[in-house]
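Beneath this line is the structure, given in structure tokens, with notes to follow.
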Amino acid sequence: MAQEIKVPDIGDFDAVEIIEVLVAEGDTVEKEQALITLESDKATLEVPAPVAGKITELKVAEGDSVSEGDVIAMVEAAEAEEESEAEADKPDPKADDEKDNDKAKSEDKPDKKADEKRGADRPAANTDDSTVEPKASTPASDDHDYDCDVLVLGSGPGGYTAAFRAADMGLNVTLVERHSVLGGVCLNVGCIPSKALLHSAKVIEDAANMASHGVTFGKPEIDLAKLLDYKQSVIDQLTGGLKSMASKRQVNVVTGTGTFSDDHTLALEGNDDTDQITFNKAIICVGSEPVMLPGWPEDERIWTSAEALSPDELPESLLVVGGGIIGCEIANVYAAHGTDVDVVEMTDALIPGADKDLIKPLTKRMKARCGNIWVNTKVTGLEAGDKLTASFEGKDAPESKQYDRVLVAVGRKPNGAKIGADAAGVEVNERGFIPVDKQCRTNVEHIFAIGDVSGEPQLAHRATHQGKVAAECCAGEKAAFDAKVIPSVVYTDPEVAWTGVTENQAKAEGIEYTKSAFPWAANGRAIGLDATDGNTKLIFGTDGRIIGAGAVGPGAGDLIAETCLAIEMGADAHDIGLTIHPHPTLAETVGMAAEAEAGTLTDLYIPKKKK
Ligand SMILES: Cc1cc2nc3c(=O)[nH]c(=O)nc-3n(C[C@H](O)[C@H](O)[C@H](O)COP(=O)(O)OP(=O)(O)OC[C@H]3O[C@@H](n4cnc5c(N)ncnc54)[C@H](O)[C@@H]3O)c2cc1C
């Protein structure tokens, strides 16, 4: 017979919002499986199923408010469950002993990481070994008289890192870059300029928010030319540093656009002195470029991220097409500097892929600072006239609306198909990626590929780490790209960061996990910073080791770094919780989320589950 599942004792909270319903009618649930997620202004908590069985009726929906005793669902308990319920109600004297044993086990666990050779038996984080078939090629040879030991094509974070590491290991390196400055997308039109502008956006917002602290500033006056000068000075400082480091390392920097003519020769265009360079080994790091939408007019008011980071003026209105990381970051820059910004995203949430609980505070703030955030919405066309007229298909969006500028931020495609790779025998897949193995080797043994052109995620820190691996392999070392995790950060206000297994991924792939979270509303530093909508969560595998983490709030990107190390080192909740974190810091939320998992948390009152 179906029985009611009610909201249990949730402390002092009343009328708490349901932010996610995790089951559907007809689902079979395990005992303790989370049914709904509640969010008060102080905490996010999941309500678990008290028994295993089949959900026959759901009595609540996302957005409802519930209090203790409200019925969530009707469940037909599994037979075994019904029989054993009486048994389960008895206190379990062994439970505490087992907890102690678990802790002891985790303290005794062998240091697997230390036993492993670097990358020796780990799968690559994001490469598909099976697709890389070695092909016949003229092998690298130390006897042949090539122009250089290692040719590095492209000077982004992957390329300059590879070039510098190879030079530091005594190899004769030529670095070819089509632009006159080094640094690639990251330094010139990507990570660095966007963060320089996001800094001023954050200061503007922080200043406005200070009014509630009793400190009021006037309306900001924006001198765009000066703002862009500042951004450029940041870029110049970094690219200048690269130039000087390349020279000190005696890396031969050559300007020109390279395409392969065979597996030991690069043809060069746009260089008056040289039209080809021969190499013993090569590292391809030619990056990626923005995807533009087909059939749209050619109009300089339609921007890629590069133009959006060097605007001719601050437009009155901007449509951002694509609510991913780049779209959201740039939307926040413009909204803070006074532009009326709409964001349109095809999927059901901003930052597709990230867990919804992490994105929620960002979405809430972006809704307040932007004109409209339309999810589940497509831009079906764009016409260029006096203004740019976009037409939409989606529940909340208008049929059409006019804008001064439109930013297309729908993804980046790799440049693999643009470098004559076939002449060198290097395989490029249909999407333009160059498949590589754990050593970042392409199908041609002496040619490597790294960074955005070699796969996803397309992030600078992946490129730099791969750059070192490829350079070390060129020098004959047994290196491999064996990262367990590659963190992602959205540098908005609030920042959102995650690493390793996400809950979305765990659910999609059937990975068993437990989760613990620490709401920033209970962290002294966060309260002082007025960042109480922040949250830190940790995800643990069935062996008790941390496998993923996420955070939202100021500095979440810095905070997540500790969890990356914890995952790499195979830490469990006790390892993290027993590590003393400085007080008062936001980093304490990592320690306390771990304490919540370990059952030792005292900084929050978590009602005991009823047995
Ligand atoms: C707006 C924006 C913000 C971003 N923010 C972040 C962030 O915060 N964090 C992060 O990790 N990542 C960020 N990224 C992504 C990051 O910039 C890339 O992942 C990173 O730059 C990839 O490095 P790479 O070395 O593979 O290639 P790139 O940086 O793309 O460099 C490739 C280089 O190769 C050169 N090249 C290409 N073809 C040729 C050729 N035929 N001959 C000679 N030279 C050639 C190009 O000119 C370029 O300089 C951002 C990207 C954008 C667009």
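Computed from the coordinates by the stated procedures, all read-outs in this text should not be read as laboratory data. Remember, predicted model here, so these are calculated numbers, not experimental data. For neighbour counting, all protein chains shown are included, and Cβ atoms are generated from backbone atoms with ideal geometry for every residue, glycine included.
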query = From the phi of every residue in the stretch 189-203, what ³J(HN,Hα) in whole Hz does the Karplus formula 6.51 cos²θ - 1.76 cosθ + 1.60 yield, where θ is phi - 60° and glycine or proline is x?
reply = 9, x, 3, 6, x, 5, 6, 4, 6, 5, 5, 5, 4, 5, 5
inquiry  = Apply the Karplus curve 6.51 cos²θ - 1.76 cosθ + 1.60, θ = phi - 60°, to the phi angles in the stretch 447-464 and return the couplings in whole Hz, x for Gly and Pro.
reply    = 10, 10, 9, 9, x, 3, 6, 9, x, 10, x, 7, 9, 4, 6, 5, 4, 5
ask   = Considering amide H positions built from the backbone, and no H for Pro or chain starts, which residues 5 or more places from ALA78, or on another chain, come under 5 Å of its amide H?
value = ALA52, GLY53, LYS54
key: Phi to ³J(HN,Hα) by Karplus 6.51 cos²θ - 1.76 cosθ + 1.60 over the stretch 248-253, Hz, x for Gly, Pro   = 4, 8, 6, 7, 7, 8
key: Segment GLU393-GLU313, length gained on full extension (0.36 nm per residue, minus Cα span)   = 25.9 nm
remark   = SER65 and VAL215 label points (each 7 Å along its Cα→Cβ direction) are spaced in nm at 3.4 nm
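Going by average Cβ neighbours within 10 Å, how do the peptides 407-413, 348-354, 184-190, 229-235 rank, with the highest at the top? Mind dumping the intermediate values first?
On the way: 407-413: 20.3, 348-354: 18.6, 184-190: 24.0, 229-235: 14.9.
With the highest mean Cβ count within 10 Å placed first, the list reads 184-190, 407-413, 348-354, 229-235.
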message = Nearest 5 percent is fine: what portion of the DSSP beta bridges confined to the chain is antiparallel?
response = 70 percent
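Just list whichever of LYS31/LYS438; LYS195/LYS219; LYS367/LYS484; LYS31/LYS356; LYS54/LYS356 have alpha carbons separated by over 31 Å in the model shown.
Numbers: LYS31/LYS438 41 Å; LYS195/LYS219 22 Å; LYS367/LYS484 35 Å; LYS31/LYS356 24 Å; LYS54/LYS356 26 Å.
From LYS31/LYS438; LYS195/LYS219; LYS367/LYS484; LYS31/LYS356; LYS54/LYS356, over 31 Å: LYS31/LYS438; LYS367/LYS484.
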query = Sorting THR380, THR502 on the 10 Å Cβ count, fewest up front, what's the list?
reply = THR380, THR502
task = Return the distance in nm (one decimal) between the two label points of a simple spin-label model at ALA208 and ALA508, each offset 7 Å from Cα along Cα→Cβ.
result = 3.4 nm
inquiry  = Can you list residues from other chains, or at least 5 along the same chain, whose modelled amide H is less than 5 Å from the amide H of VAL152?
reply    = THR174, LEU175, VAL176, ILE283
request  = Please list, in chain and number order, the residues 5+ apart from ILE547 or on another chain whose amide H is under 5 Å from its amide H, with Hs placed from the backbone.
outcome  = ILE539, PHE540, GLY541
